[in-house]
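Written below as structure tokens is the structure these notes are about.
The values are calculated or read from the model by the stated rules, or taken from the named source; none is laboratory data. Treat the numbers as computed from the prediction; the structure is a model and nothing was measured. Glycine gets a Cβ as well: all are built from the backbone with ideal geometry, and neighbour counts include every protein chain shown.
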Ligand code: ATP
């Protein structure tokens, strides 16, 4: 096992800065995910950890050891590539044995190790098959076995499930987590799929345009997003530009412009939902499941009259779009909440003050 430190790392390809000012600490045995849209620098960062790229600036450490310019074969990392990169005309056994042959492991030990890892990925019945005769999910398992057989300290997985259909993806998610726990191996998982990241990871780093915007547990990232990019990338969110009127000990008062009106809202003042050091534009953010809909007015703060625009039925969830003077709010309700909301109906939307986050706006900025 190994911890990983990335200190002030930058990677430029000519004029393109793929990763900038990156600082990360990944703990021993942790399942850590790089999440972000296409082209945000996830793979480049992973490749710097594997040693396929060397950083332009900065340091990569495993434990306290400086690995910045150590070649890949001397790093003891196992990698699974998006396209698996298997040898199609070799058998499952030979594909998995490859890394051991390169390391000149003797034939008895090699056979035992390959068989053991094939058992672990439940492919021991397939060891004589050619890889080209396997299904996508089975090929994925071969790629995992090939990475694990060398007993790496660090497992690097680059969008390993993106070529599989939804059902197989679910199966392989559990499989990867089971293996990771069994081997207790420090794992970095690259994905652009937020559901995958939230459900699998101990912690997540969210990237955009080569910059890491936030590192946190799935619940921190979802409930306490660092800015509007993170909030919008992880699940659905309502964002309303606001101005801060007053900051008191217990609460913050903000104004949001909706149509020709200004609405005053109060928000709990605690460290993760209001970052007073932020000087630029700020936005109110609230998740669709946090908004409550009432059929009557209520004499409480943060309750506003609106009109139902659309009701979408998703089985367990009902998604309601509410128009507040021209601003559309998304509201998710559980299907067992008894309402007969119809488009055109008058409703009162309540934005509970402890569910609101006031976050910096970075979208559109060149960060
Ligand atoms: P994806 O999810 O599409 O794989 P990513 O987040 O992994 O994307 P990277 O592959 O790390 O993104 O790319 C980050 C940026 O660096 C992109 O703008 C990409 O075009 C650029 N880039 C990556 N590799 C190279 C290279 N070898 N030469 C030049 N530019 C590169």
Is it the case, given these coordinates, that residue 192 is within 16 Å of the ligand (Cβ to nearest atom), assigned by TED's automatic domain parsing to the domain that holds residue 120 and under 30 Å from residue 256 (Cα atoms)? no
Do the conditions hold for residue 79, that is, is it in contact with a strand residue (DSSP E or B) (Cβ under 7 Å, 6 or more places away or on another chain), surrounded by 17 or more Cβ atoms within 10 Å (Cβ to Cβ), under 16 Å from residue 152 (Cβ atoms) and modelled with pLDDT of 95 or more? no
Test set (1) touching a residue at least 12 places away in the same chain (Cβ under 8 Å); (2) assigned to a loop (DSSP other than H, G, I, E, B) - residue 105 fails condition number: (1)
Candidate set from region 209-227 (those that are closer than 17 Å to residue 290 by Cβ and crowded, with 22+ Cβ neighbours inside 10 Å); member that is farthest from the chain's Cα centre (by Cα): 225
Going through (1) on the phi > 0 side of the Ramachandran plot; (2) assigned to a loop (DSSP other than H, G, I, E, B); (3) more than 10 Å from the ligand (Cβ to nearest atom) one by one, residue 39 fails only at (3)
Can you tell me how many residues in region 21-40 are closer than 14 Å to residue 184 by Cα and touching a helix residue (DSSP H, G or I) at 6+ places or on another chain (Cβ under 6 Å)? 1
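The rows are residues; the columns are (1) surrounded by fewer than 20 Cβ atoms within 10 Å (Cβ to Cβ); (2) near the ligand (Cβ under 10 Å from one of its atoms); (3) closer than 24 Å to residue 193 by Cβ.
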| residue | (1), (2), (3) |
| --- | --- |
| 10 | yes, no, no |
| 17 | yes, yes, no |
| 28 | yes, no, no |
| 33 | no, no, yes |
| 70 | yes, no, no |
Show the residue pairs that are 6+ apart or on different chains and have beta-carbon atoms under 6 Å apart, the first residue being within region 299-319 and touching a residue at least 40 places away in the same chain (Cβ under 8 Å), the second being part of a loop (DSSP other than H, G, I, E, B) and surrounded by 15 or more Cβ atoms within 10 Å (Cβ to Cβ). 302/351
Only residues that are surrounded by 12 or more Cβ atoms within 10 Å (Cβ to Cβ) and either modelled with pLDDT under 90 or within 17 Å of residue 237 (Cβ to Cβ) (or both): list them for region 313-331, please. 317, 319, 320, 321, 322, 324, 325, 327, 328, 329, 330, 331
Just to be sure before I move on: is residue 334 surrounded by fewer than 12 Cβ atoms within 10 Å (Cβ to Cβ), without any contact (Cβ under 8 Å) to a residue 60 or more places away in the chain and in the same structural domain as residue 236 (by TED's automatic domain parsing) in the structure I sent? yes
Residues located in region 70-102, provided they are under 32 Å from the mean Cα position of the chain (by Cα) and assigned to a strand (DSSP E or B): 77, 78, 79, 80
When restricted to 157, 161, 177, the only residue assigned to a strand (DSSP E or B) and closer than 23 Å to residue 206 by Cα is 157
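Per-residue answers, yes or no, for (1) over 16 Å from residue 37 (Cβ atoms); (2) assigned by TED's automatic domain parsing to the domain that holds residue 45; (3) within 14 Å of the ligand (Cβ to nearest atom):
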{"site": "156", "(1), (2), (3)": "yes, yes, yes"}
{"site": "181", "(1), (2), (3)": "yes, yes, no"}
{"site": "188", "(1), (2), (3)": "yes, yes, yes"}
{"site": "201", "(1), (2), (3)": "yes, yes, no"}
{"site": "211", "(1), (2), (3)": "no, yes, yes"}
{"site": "214", "(1), (2), (3)": "no, yes, no"}
{"site": "217", "(1), (2), (3)": "yes, yes, no"}
{"site": "241", "(1), (2), (3)": "yes, no, no"}
